[in-house]
Amino acid sequence: GFDTLFLLHGSRRSQALAARISSSAKVGFEGMTHAGLTHTVADSGWSNRYERAIFPLRAIKPEADIRTLPRIVPPTEPVLAPFLHLWNKTVALAPGSAWETKKWGDEKFFDLANELTSRGLGVIIIGGEDDRDLAMRIREGCPEGAVLDLAGRASFLISMAAIQSASLLVANDS
């Protein structure tokens, strides 16, 4: 078993899984009624997804000051700078998903990239090794230089920096 389980995702599937895990403390948000939680906090009072992810800590450590916890801040990435310099706005695409059933569709990402580049936007593709073929197809199907293909080539921090620099992220629910 585990000492503590933090449940951030409220789907029935996630709650059912949490209910089956042996843990002396199960922490999540009010309204997660199928998870067998031992501690809950209101799903409000946070200002961004980072804060929401660490908010449940207050259920077992009320004195915790979330402002003092470390944050992952993506560094300025030299690999992005030349591409970003060319575009007023960029859109990051993350076409991959761990679940095939949650994919929006390769053709839709391909068509979206073509539409975005035709409107003068730069496109940055992020993802894992499994996304390389689609990313290459998108890059080759768009105007030369309009797509920065980082799929399977970028670290987590570089991907974070790409998302941070983009005006929009289009991704699957993975």
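The values are calculated or read from the model by the stated rules, or taken from the named source; none is laboratory data. Quick caveat, the model's predicted, so the values are computed rather than measured. Here the Cβ is made from the backbone with ideal geometry for all residues, glycine too, and neighbour counts use every protein chain on show. Each accessible area value is taken on the protein alone, full model and side chains, heavy atoms only, with ligands, DNA and RNA left out. Shrake-Rupley method; radii C 1.70, N 1.55, O 1.52, S 1.80 Å.
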* Asked: With charges only on Cβ, +1 for K and R and -1 for D and E, what is the dipole size of the chain about its Cα centre, in debye, rounded to 20?
  -> 520
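Suppose only helical runs count, i.e. DSSP H with n ≥ 4. What mean residue ellipticity at 222 nm does that imply for the chain under -39500 (n - 2.57) per run, divided by all residues and rounded to the nearest 500 deg cm²/dmol? Let's see the in-between values first.
On the way: 7 runs with 58 residues, N = 174.
Computed ellipticity for the chain at 222 nm equals -9000 deg cm²/dmol.
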* Full-stretch length increase - residue 44, residue 30 - with 0.36 nm per residue and alpha-carbon distance subtracted -> 4.1 nm
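How large, in percent, is the carbon and sulfur part of the accessible surface of the chain at a probe radius of 1.4 Å? Intermediate results must be reported in sequence, preceding the final value.
Working: 5730 of 10520 Å².
Roughly 55 percent of what the probe reaches on the chain is carbon or sulfur.
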* Asked: Contour minus end-to-end for residue 163 and residue 71, with contour as 0.36 nm per residue of separation and end-to-end as the Cα-Cα distance?
  -> 31.5 nm
* **Most to least packed among 19-26, 119-126 [average Cβ atoms within 10 Å]** => 119-126, 19-26
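Nearest-5 percent of antiparallel DSSP beta bridges in the chain? Please list the in-between numbers first.
On the way: 0 of 18 bridges.
Here the antiparallel bridges make up roughly 0 percent for the chain.
Could you give the dipole magnitude of region 104-144 about its Cα centre, charging the beta-carbon of Lys and Arg +1 and that of Asp and Glu -1, in debye to the nearest 20? Mind showing how you got there, number by number?
Details: 5 positive and 10 negative charges, 41 e Å.
Charge dipole, region 104-144, about its Cα centre: 200 debye, nearest 20.
GluC sites (Glu not before Pro), restricted to region 1-80: which are DSSP loop and have at most 13 other Cβ atoms within 10 Å? Working shown, then result.
Working: sites: 30, 51, 63; in loops: 30, 63.
Taking region 1-80 and a limit of 13 other Cβ atoms within 10 Å, the loop GluC sites (Glu not before Pro) found are 30, 63.
Measuring with a 1.4 Å probe in the full set of protein chains, what accessible area per residue, in whole Å², belongs to the chain?
Spelled out: the 1.4 Å probe surface of the chain, per residue, equals 60 Å².
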